[in-house]
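FYI, it's all coordinate maths here, none of it is from the lab. Note that the coordinates shown come from a computational prediction; the quantities given were computed from them, not determined experimentally. Glycine gets a Cβ as well: all are built from the backbone with ideal geometry, and neighbour counts include every protein chain shown.
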Amino acid sequence: MRQNRSSRVGLINILGLIALAGWSQTSSAQSPTTTPAAPQCNLLHDLVPSDPTDPRTSDPNKLTPVDATTKDKILTSGLPCAEIQSDKGPAKTPIENRQRGFDFYSWLTFIALNSPAANRKGIATSQPDTPTVWERASLGRADDDSQNFMQLLDIMLPGGVKPEWGKKVVPPACQSQHALKPNLMIVKMIEESFNQPFKTGPLIDQRNNYAIFDILMNKVMFNYIVDNNLYSQAGQMSDKNSALRVDFPSGHHDQSGNGDPGAIMIKVSWKILDPEDDKSKFHHVQALVAMPSSPDQQSDPPCMEKTLGLVGFHIVHKTAGRPQWIWTSFEHVDNVPEQKDVDSGKLRSSYNFYDPSCSAADCPVNQTPPRPWDPEPENALKFRVRADGKFLFNSQITRVVPLTEATKVMNDQFQSILGNTVWKNYMLIGTQWPSAFPCTADPSLLPNAPIPKTDFEKQPDMNCAPAPTFLANSTLETFSQGEIPQASSSCMACHGNATSYQRPKSLGDTYFNQSDFTFMLEKAR
Amino acid sequence: MSKSTHREPVQAAQSAVEDDHASGLTRRTVLAGVAATTAVVTVGVDTPAVAQRANPDSDMETFEQLSEALTGIARKKLAPDTDSIGIKHDYFKWINEREPAAFVSLLKIAKDNANSSQAMIEKLQATDDTKFLARSIVLMWYLGSWYAPGDLKKLVDSRSAPKPVFIPHTVISPKAYAQGWVWRVAQAHPMGYSDMQFGYWNREPAPLDDFIIRTKVRGT
């Protein structure tokens, strides 16, 4: 093993590739008898390593270039298993240096998860409808892989039935279409699929379609839920689980890139693409969308084939150094203008969720639609219209908190290396991470930390000072944008309150029903 | 920003005034930091003849040192190296816009006495300008509200009056409200906002040190 590592270091030196990136799992075509197992984790980060033998180190004076010279390396570097960042660097303050490191990590993660399922090093040549790494299970490829994701509603099944990895549950109304086209994504709508967090309302695009939301988890999370019998309310409430402290596995890596990505969850927002839409501008999938059940649950909701264009993408990743998880958010560049663009009149000709031709008086921004909000079967997935057939309401959304200049610069760099692929149309909104070190890594990073390594009783600050304090995606937290404590969207401040159905074994017993920053367990039936 | 008629901050401010009668400095505990500006010492201070403004780039470190001396709270807690809140910037700007000349004087005293918190506190009380601004800064950190130095002075001047004088004050911002140190010193949280973990009410509070002093990972 030592011999192999020495050989590899020598090769690195010869090639001058100091910041050798990790390899993806499918990267090695060489004989396993002569080559060590390919590392799983991408160790590339925003600073050039100061020690060529340890890619995790950082030279504060050398930013990793993101340009034509590094394009191939970055686009094929694979999934980071954990963040690598430093408070040192060219930025004015330590927090800005760290933020750049987290944003760089977010872009690498976005690229890895959205690389083609069939060729994880091939994002540079992917097409708008090329299935991505994270969509494999949704599209019927149930391979056993930590980078494969399953939809939440295929895991939290009616009756608390034990789920199977990769097994899609097809609603009755979709079955005939599914039989003809078995590889279409299936989106089963519940209230959370169209109504935003805290029931703040649906988002209606400029073609009068509801935006659709979906939640997925990777195999690591799936396994933890199944192994601990957390897929049903009864399981969560069982005596056995009364003492369980929910602790999803953390991503980690060593200096050779060996490790595990740990738990990752995704939340996406889709825009229904009508024939008039330019599909080439969106990553898109063909999907069977099952509308929400009627309130009386007596009728099967209709199922429609739709083209769904990706407009929002949250990635949430638990790592050893960040047990409060790392919260990444991307959006389509055409979603909405920033409010300052509206104020200055610097607007594009069209947006997905904003009409530049409508005055502020006629179309006040960031308003929720008139109730009722539920999609109505007779309107398919369109918001209801007026008696004269005209649209009753289209969301007029602006971004309240602008992107930072540093994030914009990084977006420009990564978009440029994504060339003419559809992925150049996506931008990082921000990365929220826990910044207070006295609690952040306590005690998960200590060498002899006991198992489990999560500091469950995270006091006095559960969230360890999220940075930035607020973060909102204009399609996923549309109506809670802003910077007002307790009212505006903060990933960690919200998810830190998530709980399960766990109960004490006996009245008076101490118990702990925190669900480790995910509301997924609340969806158990 | 909102005007408040809440009694608690007023009482806190009044307690600061009452401590005027204290015979010595009381920066032994964090709560006593509220009163840390109150000892009566007469030391001459040169006040700039021309009103200037403090520079947030060059004077921020001094403001942090001054704030630590006044509040008794570890500087790295008030302004961590990785500061995601950045409330110090809000406070610095707020003072600089309202009391520019006194702020410059106060920072000069802090800079000249950077090696001794006690000397800093003694000297800033030489003039009413710096003395009452220092009190405003203490209250700002603890309560997230602005009590104008002039109003605090009126309170002292009227202490023999039959009725307590109401001290007008302004909650500086929603962020400042949530960051008031008085809540952490009490191992609690402000009404309507908490960073504590769901279910915290069922457990003993974390040690006071965790709120106001500990800046490193436990166990390191």
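Couple of notes before you dig in:
- Per-residue mean of C-beta atoms belonging to partner chains within 10 Å, peptide B:84-92: 3
- Peptide B:187-196 has a mean shielding of 4, counted as Cβ atoms of other protein chains within 10 Å of each residue's Cβ.
- Neighbourhood charge, 15 Å Cβ-Cβ cut-off, centred on A:Ser86 and excluding it, Lys, Arg +1 and Asp, Glu -1: -2
- Between A:Asp227 and A:Val169, the contour length at 0.36 nm per residue exceeds the Cα-Cα span by 18.8 nm.
- Contact order, relative form, for chain A: 15 percent (alpha carbon pairs under 8 Å, 6 or more residues apart, mean separation divided by residue count).
- If you sort the three axes of the alpha carbon gyration tensor as a ≥ b ≥ c, you get a/c of 1.5 or more for region A:116-216 and a/b no higher than b/c, which makes it oblate.
- At full extension, A:Glu376 and A:Arg348 could sit 6.9 nm farther apart than now, given 0.36 nm per residue minus the alpha carbon distance.
- In terms of distances greater than 32 angstrom between alpha carbons, the cross-link table entries A:Lys408/B:Lys88; B:Lys88/B:Lys163; A:Lys267/A:Lys505; A:Lys121/A:Lys181 yield B:Lys88/B:Lys163; A:Lys267/A:Lys505.
- Label-point separation, B:Ala119 to A:Asp355 (7 Å along Cα→Cβ), nm: 7.0 nm
- For region B:112-149 versus region A:383-435, the gap between their alpha-carbon centres in whole angstrom: 46 Å
- For region A:272-334, the gyration tensor built on C-alpha atoms gives an oblate shape. Its axis ratio a/c (a ≥ b ≥ c) is at least 1.5, and a/b is not larger than b/c.
- A:Thr53-A:Lys199 pseudo-label distance in nm [points 7 Å out on the Cα-to-Cβ vector]: 6.1 nm
- Estimated distance in nm for a label pair at A:Asp254 and A:Lys340, the labels positioned 7 Å out from Cα along Cα-to-Cβ: 4.7 nm
- Using R0 = 60 Å, the C-beta based FRET efficiency linking B:Gln52 and A:Glu305 works out to 0.30.
- Maximal additional length on extending the A:Val409-A:Glu191 stretch stands at 74.8 nm, based on 0.36 nm per residue less the C-alpha distance.
- Between A:Gln286 and B:Thr170, the C-beta separation translates, for a Förster distance of 45 Å, into a calculated FRET efficiency of about 0.20.
- Reachable aspartates and glutamates from B:Lys111, criterion Cα separation under 14 angstrom, eight or more residues apart if same chain: B:Asp46, B:Asp59, B:Glu61, B:Glu64, B:Glu68, B:Glu122
- The A:Lys523 and B:Tyr193 beta-carbon pair, evaluated with R₀ = 25 Å, returns a calculated FRET efficiency of approximately 0.35.
- Gyration tensor (alpha-carbon) shape descriptor, region A:276-395, a/c threshold 1.5: oblate
- Here B:Lys154 is the anchor, and the aspartates and glutamates within straight C-alpha reach of less than 17 Å, apart from those fewer than 8 places off in the same chain, are B:Glu18, B:Asp19, B:Asp20, B:Glu99, B:Asp128, B:Asp129.
- Beta bridges per DSSP with both ends in region A:219-375, % antiparallel, nearest 5: 95 percent
- Whole-Å distance, taken between Cα centres, linking region A:34-97 and region A:141-193: 36 Å
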